[in-house]
Amino acid sequence: MAVKKKKTSRQKASPAVRERGTISIRNVTKIYDPEGVNVMAVDNCSLEIEAGEVCMIVGPSGCGKTTLLNVIAGFHSLTSGEIYLDDELLCGPDKPLANQGADRMVVFQNGALFPWKSLLDNVAYGPMVQGILSKSDARDKARDMLAEAGMIDVADKFPGEVSSGMARRAEIVRALINDPKVLLLDEPYRAMDALTKSIMHEALLAMYDRTKVTIFFITHDLEEAIFLGDRVVVMTTRPARTKKIVSVKIPRPRDYKLLSSEQFRLLVEETKDAVHEEAIKAFEAGERELA
Amino acid sequence: MTDAIQSAHDTTIVVAKRSKLRKLADNKTLWRGIASIILFILFWEVSSQSKVWFGIQVPFIGKVPPPSAVLENWVEVVQRPGYWQSWYLSFMRVFFGFIVAMIVGIPFGMALAVNRYFRDIFFPPFEVLRPIPPLAWVPASIIFWPTTELSIAFVTFLGAFFTIVINVLGGARTIDVQYLRAAQSMGASQWDLFRRIILPGTLPSIFTGAAVGMGITWEVVVAAEMISGGGQQSGGGLGFFIWSSYMGGSLAQVVVGMISIGIAGYFSSSMIRYIGYLFMPWRRIF
């Protein structure tokens, strides 16, 4: 069928071993200055992310993780430091705001599928507006990609007609059709129950095994981070710095049996203290701010 | 996009047709609505026939002619071409004012929403003019415009214009920034952003504004017709119809005029709802 044919051509476009999608974050600081009160969101943060790596960023709520993502995506400017994507400067001292581009696709916390377009047209949107494909070719490709992700039955529905899990998966497909170097996910499964989440994780891992796209994934769910990631970066509470980096040397493909394994438990143990410490700091800081 | 809308639309119609009659028969809301209208008419009839209940004068409604008298008058009135001429004239005025208000108001509201300079320059005078009731414009309008017809059209236009602009502006300004960011990072140009994100994102507000604006144009047209004497043409519009019935002392005919306007207004807003339904297939699921 058409799906099969497309698969081979996609594999050519995204080889199993990626040479692209390296992110280099060097001494990045971000200070917000609302009404003259300086709020430091990110403090001298450095991080090297390899091509094709799944890098999980864990930290307490409001710690500045999202700020970092927004700087990479080009939604916010940085105050100092540099970020490179494949040795190309995204933003730095002379260019504090990165250009927005389809090489870095964002999947948002609350979902940002256009409610007035069907899932199919949402997915077809990128290649169509960029003029890479004609409207009908873009829709053909979108249909193939949705089929590949097992969502062909809901392709013609509007986002409001499908579950939030389905919508979030479609949003990831919408990002992938642009063949991005990096996928930036900002707590995409935040509001989901544990069962839906586990289905989301499986779908994401299957997608990753197909494409090997570099993933920058923000979460505050430690088990999610270890289950999905190649590395787990624990951030300090605001201002965000890297506190601890844990390598997850569990071979892929991974499945849910992993969650009950000794190896997984040890990794959670190893990371938990660091995360908990920062959570307490964030909580206490929050109390002070309110008092 | 249009294809998807079309196919979604077609399936909706097929499903709708299959069960339409059954649904109608099962529709409790419909039956309750019909029952309540019948009860209301009965109450009206009884109260205006016997003005004193248990020794107490029935207020308000006791002074109104009973529905039977209204109906009798109506049967007589519908045979006069002047009545239908009034319908026609009022409709033409409402739609002329309304459509011009849409044509001018939607781009104006959009421009206010997307361009800061435009907003800085035009929003303050707009906000000064907005609170002026359309009817306060009537004398000025009669002086400005060469014919009564144009004066009435201008006042109806004003009635819809401000509401439409405020709704378009509000709608376009409250589009979720994540949609804009998502579109931009997928490579949307400014024009794409406007056409494929801001415009469809504002459509619900446009239709809200249109529905409210349509209501206001009916209010305004009736008042304007009463004040201006309905123009030189025979019939003079439904507002003038009510006014001249009142002058002629036929209270039943006044009520006929009022109910006619109610029906006309209902038609108009149903039409807008239907157009909104056609334009926004993604809203049908609610």
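Summary of computed values
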{"quantity": "Length-normalised contact order for chain A - Cα pairs under 8 Å, 6+ apart - percent", "calculated": "25"}
{"quantity": "Relative contact order computed over the stretch A:215-291 (Cα-Cα under 8 Å; 6+ residues apart), in percent", "calculated": "30"}
{"quantity": "A:Asp273/B:Thr174 FRET efficiency (R0 41 Å; Cβ-Cβ; nearest 0.05)", "calculated": "0.40"}
{"quantity": "Rounded FRET efficiency, nearest 0.05, which uses the C-beta distance separating B:Ile132 from A:Glu50 and R0 of 60 Å", "calculated": "0.40"}
{"quantity": "Fully extended contour minus Cα-Cα distance, from A:Thr242 to A:Asn110, at 0.36 nm per residue", "calculated": "45.0 nm"}
{"quantity": "Computed E for B:Ile143/B:Val114 - FRET, C-beta separation, R0 35 angstrom, nearest 0.05", "calculated": "0.50"}
{"quantity": "Relative exposure of B:Ser228, B:Ser185, A:Ser164, judged by other C-beta atoms within 10 Å (fewest first)", "calculated": "A:Ser164, B:Ser228, B:Ser185"}
{"quantity": "Cα Rg over Rh - the protein assembly as shown, Kirkwood", "calculated": "1.11"}
{"quantity": "Sparse-neighbourhood loop sites, chymotrypsin sites (Phe, Trp or Tyr not before Pro) in the stretch B:109-206 - DSSP loop, at most 16 other Cβ within 10 angstrom", "calculated": "none"}
{"quantity": "Cα shape, the stretch A:95-137, gyration tensor, a/c 1.5 rule", "calculated": "oblate"}
{"quantity": "Cα gyration tensor of the stretch A:114-179 - equivalent ellipsoid semi-axes, whole Å, descending", "calculated": "18, 11, 10"}
{"quantity": "³J(HN,Hα), Karplus 6.51/-1.76/1.60, whole Hz, each residue of the stretch A:85-100, x for Gly, Pro", "calculated": "10, 6, 6, 10, 5, 7, 8, x, x, 8, 9, x, 10, 5, 5, 7"}
{"quantity": "Too-long pairs where the Cα-Cα distance tops 19 Å, listed order kept, from A:Lys65/A:Lys197; A:Lys117/A:Lys157; A:Lys65/A:Lys212; A:Lys181/A:Lys212; A:Lys244/A:Lys281; A:Lys212/A:Lys244", "calculated": "A:Lys65/A:Lys197; A:Lys65/A:Lys212; A:Lys212/A:Lys244"}
{"quantity": "Most mobile of A:Gly64, A:Gly160, A:Gly126 in a GNM of chain A (Cα contacts under 10 Å)", "calculated": "A:Gly160"}
{"quantity": "Percent antiparallel among DSSP beta bridges (both partners in the protein assembly as shown, rounded to 5)", "calculated": "55"}
{"quantity": "Equivalent ellipsoid semi-axes - Cα gyration tensor, the stretch B:65-283, angstrom", "calculated": "40, 20, 12"}
{"quantity": "Estimated Rh, the stretch A:238-290: Kirkwood, alpha-carbon pairs, angstrom", "calculated": "13.3"}
{"quantity": "Cα-based Rg and Dmax for the stretch A:198-291, where Dmax is the largest Cα-Cα distance (Å)", "calculated": "15.0, 50"}
{"quantity": "MRE, 222 nm, helices only [DSSP H, n ≥ 4, -39500 (n - 2.57), over the protein assembly as shown, to nearest 500]", "calculated": "-19000 deg cm²/dmol"}
{"quantity": "Long-range HN-HN contacts of A:Leu185 with modeled amide H, under 5 Å", "calculated": "A:Val107, A:Phe216, A:Phe217, A:Ile218"}
{"quantity": "Cα-Cα P(r), chain A, percent of pairs per 5 Å interval", "calculated": "1, 5, 12, 16, 18, 17, 14, 10, 5, 2, 1, 0, 0"}
{"quantity": "Relative contact order, percent, the stretch A:114-179 [alpha-carbon distance under 8 Å, six or more residues apart]", "calculated": "47"}
{"quantity": "Residue order, fewest to most beta carbons within 10 Å, for B:Leu135, A:Leu78, A:Leu195, A:Leu89", "calculated": "A:Leu195, A:Leu89, B:Leu135, A:Leu78"}
{"quantity": "Tail weight of P(r) past 14 Å, computed on alpha-carbon pairs of the stretch A:160-237, percent", "calculated": "63"}
{"quantity": "Residue-wise HN-Hα coupling along the stretch B:105-113, computed from phi with Karplus coefficients 6.51, -1.76, 1.60 (Hz; x: Gly, Pro)", "calculated": "x, 5, x, 5, x, 4, 4, 4, 6"}
{"quantity": "Contour excess over end-to-end distance, with Cα ends at B:Tyr266 and B:Arg195 and 0.36 nm allotted per residue", "calculated": "22.4 nm"}
{"quantity": "Distant-in-sequence amide H partners of A:Thr29 (H built 1.01 Å from N, under 5 Å)", "calculated": "A:Asn44, A:Cys45, A:Thr79, A:Ser80, A:Gly81"}
{"quantity": "Under the Debye formula (equal points on every Cα, no solvent term), log10 I(q)/I(0) of the stretch A:63-221 at q = 0.08, 0.13 Å⁻¹", "calculated": "-0.24, -0.63"}
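Throughout, read-outs are computed from the coordinates displayed, never taken from laboratory work. Treat the numbers as computed from the prediction; the structure is a model and nothing was measured. Don't worry about glycine lacking a Cβ; one is built from the backbone with ideal geometry, like all the others, and counts go over all protein chains shown.
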